[in-house]
Structure formats: structure tokens, C-alpha cells
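Taken together, the values in this text are just the output of simple stated rules run on the coordinates, not laboratory data. If you're wondering where the values come from, they're calculated on a predicted model, not measured in any experiment.
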């Protein structure tokens, strides 16, 4: 017995949007830090209520993601490991991207 499901056009559009977003992120598209690292993300995974607070409390003068990218990996990863549930900047960024994409699909 074959099962056919109709009315999945909306889901298909959401998946296509998510795939486009994945391509953009992999290509290095600029993103606003407070959108990418949303307040719910920061509250769930860090000691901070926002990405801005995360930057303000860092031991470096940081205003945005670009400033963080310029910091040596070892000290940045130490800060990440101490103040978040992640071990590295890369794992934090990856998790934020995954959650953003999943939110797009289910919303």
C-alpha cells in the first residue's frame, strides 16, 4: 500500500529557504550578531541574556562577530568554555546556525 500526502508545499518552501540559508552561512554571508545569536539561544546556552552582554563581559574590546573572529583561538575558546556550554567558538557558531535553520523550518 502506497501512502501519498498532499499539501506539503508550505513545508517544501520552508526547507528550500533553510537550504538557501545554509548555503549563505557556509559562504560567509554577514549576519547581525543579535539575530544569529538570539536572546533565547544566549539564555539557553550561555551565562548571558544577549550576545551584546557576552561581548561586553569579554576580556577584549568586542563589538560584533568580526571582532571575535580576530581574537586568537586559544584565549577565545577558553572564554567560550568558561561562559557557555560550548568548548569552542566554532561549536558555538555551528549550534547557533543549526538552531536558526531549524527555527525557520518549524515556524
Extension gain, residue 47 back to residue 2 (0.36 nm per residue minus Cα-Cα distance, nm): 11.2 nm
Suppose the chain between residue 16 and residue 60 were pulled fully straight at 0.36 nm per residue; how much longer would it get relative to their current alpha carbon spacing? 12.0 nm
Can you list, largest first and rounded to whole Å, the semi-axes you get for the stretch 32-106 by taking the square root of 5 times each eigenvalue of its Cα gyration tensor? 20, 13, 12
